[in-house]
């Protein structure tokens, strides 16, 4: 019977040792899980920061779109004004050429008259 008790005691001691190892392993796992939780919280924070950055970029893009439309409209107005100015300059040039031609014809007539008078 003493032998049986000794065997039981050894088994209990062995089980106690195994339980302590399991507790140690569980504590290690808890530590790992806490580290993972901390990492996940860090990732959540990073994702929230990225969301904020993306929202800022969206706002910037909308603002740029408005500015591009303003520039396009202004450019269209400027192009029309430039074309009108070109058209007016062309009309004036054609009118001046016509006037010069008329003056030249008058000069030719006067030159012929002067030659006859001499």
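Here, each number is a calculation from the coordinates, and none is a lab measurement. Note that the structure is predicted; figures quoted are calculated from it, not measured.
Counting pairs of Cα atoms in segment 55-118, how many percent are more than 14 Å apart?
Working: 1538 of 2016 pairs.
Tail of P(r) above 14 Å: 76 percent of Cα pairs.
Using only C-alpha positions, report the orientation-averaged shadow area of the convex hull of segment 1-44, nm², one decimal.
Details: hull surface 10.5 nm².
Result: a mean projected hull area of 2.6 nm².
Give me the orientation-averaged projected area of the Cα convex hull of the chain, in nm², one decimal.
Details: hull surface 61.6 nm².
Quarter of the Cα hull surface area: 15.4 nm².
Once the piece of chain linking residue 11 and residue 110 is laid out straight, how much longer is it, given 0.36 nm per residue of separation minus the C-alpha distance between them? Please list the in-between numbers first.
Values: separation 99, 0.36 × 99 = 35.64 nm, distance 14.25 nm.
Net length gain for the segment: 21.4 nm.
How large is the helix-only mean residue ellipticity at 222 nm for the chain, computed as the sum of -39500 (n - 2.57) over DSSP H runs with n ≥ 4, divided by its residue count, in deg cm²/dmol to the nearest 500? The partial results should precede the final answer.
Details: 1 runs with 116 residues, N = 118.
Taken over the chain, the calculation gives -38000 deg cm²/dmol.
With a 10 Å cut-off between alpha carbons and a GNM built on the chain, which of 43, 107, 64 moves the most?
Looking only at 43, 107, 64, the biggest GNM fluctuation is shown by 107.
For the chain, take the longest principal axis of its alpha carbons; what is the angle in degrees between that and the long axis of helix 2-117, to the nearest 10 within 0 to 90?
Between the helix axis and the principal axis of the chain, the angle is about 0 degrees.
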